[in-house]
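Right, one structure below, let's go through it.
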Amino acid sequence: MAPAKQDQDITVHIAGNFKEIEVRLPELRKLVKAICKRFKLSKAMVSIAIVDDARIRKLNSRFLNRKSTTDCLSFDLSDSKGPKSPKLFELIVNGEMAVRQANMRGHSSEAELALYITHGLLHNFGFDDSTESQARKMHDTEDKILQQLGYGLVYNKRK
């Protein structure tokens, strides 16, 4: 059976420059496509780079003028910002931080990495976490998505 038309127009590229985490590419592609589908996005190219602390710190400094490490950086590189126009998203996620956080919080590093990817995509779909109420809404949405895809409760597991 051919994939649904909507899935055919979502392309996901994943590059891993961090080898300390087991990455199941089909599962991460499924995650990205499910999030795009949830927000009714039918045409997109999503590139994800999995990097270490040092690399993300350099990129965080370069693009956001912040000297610290972070879990993910998210960019909407689309030519047009209209709801029906094709999207080009680039995510850079911190594999080293994912391993550390997963060990501290008692779940898989892949679930933590899926959280970072989800978080970055939600930013591209207009979510913000700069206030407490916005962050709560964003993190609740992350957990709904991750639970639906079998990762379980990841962010709010801390509570």
Antiparallel bridges, percent of DSSP beta bridges restricted to the chain (to nearest 5): 25
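Which FRET efficiency value, to the nearest 0.05, is calculated for residue 39 and residue 100 with the Förster distance at 25 angstrom and r the Cβ-Cβ distance? Display every interim value, and only then the final one.
Values: r = 30 Å, r/R0 = 1.19.
FRET efficiency, residue 39 to residue 100: 0.25.
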At least 30 Å along the helix axis (C-alpha) and Kyte average at least 0.5, DSSP helices within the chain: none
Extension gain, residue 156 back to residue 47 (0.36 nm per residue minus Cα-Cα distance, nm): 36.6 nm
Length released on extending from residue 140 to residue 25, taking residue separation times 0.36 nm less the Cα-Cα span: 38.9 nm
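Over the chain, what relative contact order in percent results from Cα pairs under 8 Å that are six or more residues apart?
On the way: 253 pairs, mean separation 31.9, N = 159.
Over the chain, the number comes to 20 percent.
Neighbour counts of other C-beta atoms within 10 Å: give me 141, 131 arranged from fewest to most. Write out the running numbers ahead of the final one.
On the way: 141 18, 131 9.
Lowest count first: 131, 141.
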Length gained when the stretch residue 77-residue 128 is fully extended (0.36 nm per residue, less Cα-Cα span): 16.6 nm
Radius of gyration and maximum dimension Dmax of the chain, Cα, Å: 15.1, 49
Candidate aspartates and glutamates for bridging to residue 67, where Cα separation is under 14 Å - those fewer than 8 sequence places away on the same chain excluded: 53
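We did not get these values from a lab; they are worked out from the coordinates using the rules stated. None of the values given here were measured: they were computed from a predicted structure. All Cβ positions, even for glycine, are placed from backbone atoms using ideal geometry, and neighbour counts span all protein chains on display.
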